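Beneath this line is the structure, given in structure tokens, with notes to follow.
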Amino acid sequence: MRIAFVLLGDLDRVSGGFVYDRMLVEGLRARGHVVDVVPLPWRSRARSVTANVRPLPPVLAAADVVVQDELCHAAVFASNRQLRRAGIPVVALVHNVASAGSRKRGPGPSLGRALEHR
């Protein structure tokens, strides 16, 4: 399967999110998938939104599925519509559910902790 993995910044950066993304890409490749990493530049949210006027990058149009790190949504929402129209599934990778965990009520793990362990 050909997977386009879209993220903000450089996959070689050292932070929890980038380490997670890197491990995911390596794991997919180890299973025989072709993974094209598509780094987008860090910009203000407003500049990211204006980036949506560009045409769909060929690497995305050639993918069987597109995985997008949660942080790049502002820069790709128009591309997502084009991808769906072309029949290419889009998967949002959300690996920071801290806000859900801060509203814990009752016994058991918070929603954030429960999702992190699945």
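The values are calculated or read from the model by the stated rules, or taken from the named source; none is laboratory data. Treat the numbers as computed from the prediction; the structure is a model and nothing was measured. As a convention, Cβ positions derive from the backbone with ideal geometry for all residues, glycine included, and neighbour counts pool all protein chains shown.
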TODO: Might you let me know whether segment 69-83 holds any residue that is assigned to a strand (DSSP E or B) and at pLDDT below 90?
DONE: yes
Task: segment 47-68 - residue that is surrounded by 13 or more Cβ atoms within 10 Å (Cβ to Cβ), of a type in the set (A, V, I, L, M, F, W, C) and assigned to a loop (DSSP other than H, G, I, E, B) and, of those, modelled with the highest pLDDT - done: ALA63
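Would you call LEU7 of a type in the set (A, V, I, L, M) and part of a helix (DSSP H, G or I)?
Details: of a type in the set (A, V, I, L, M): yes; part of a helix (DSSP H, G or I): no.
So LEU7 does not fit the description; no.
Taking ASP21, is it under 12 Å from the mean Cα position of the chain (by Cα) and charged (D, E, K, R)?
Working: under 12 Å from the mean Cα position of the chain (by Cα): yes; charged (D, E, K, R): yes.
Here the answer is yes, as ASP21 does meet what is asked.
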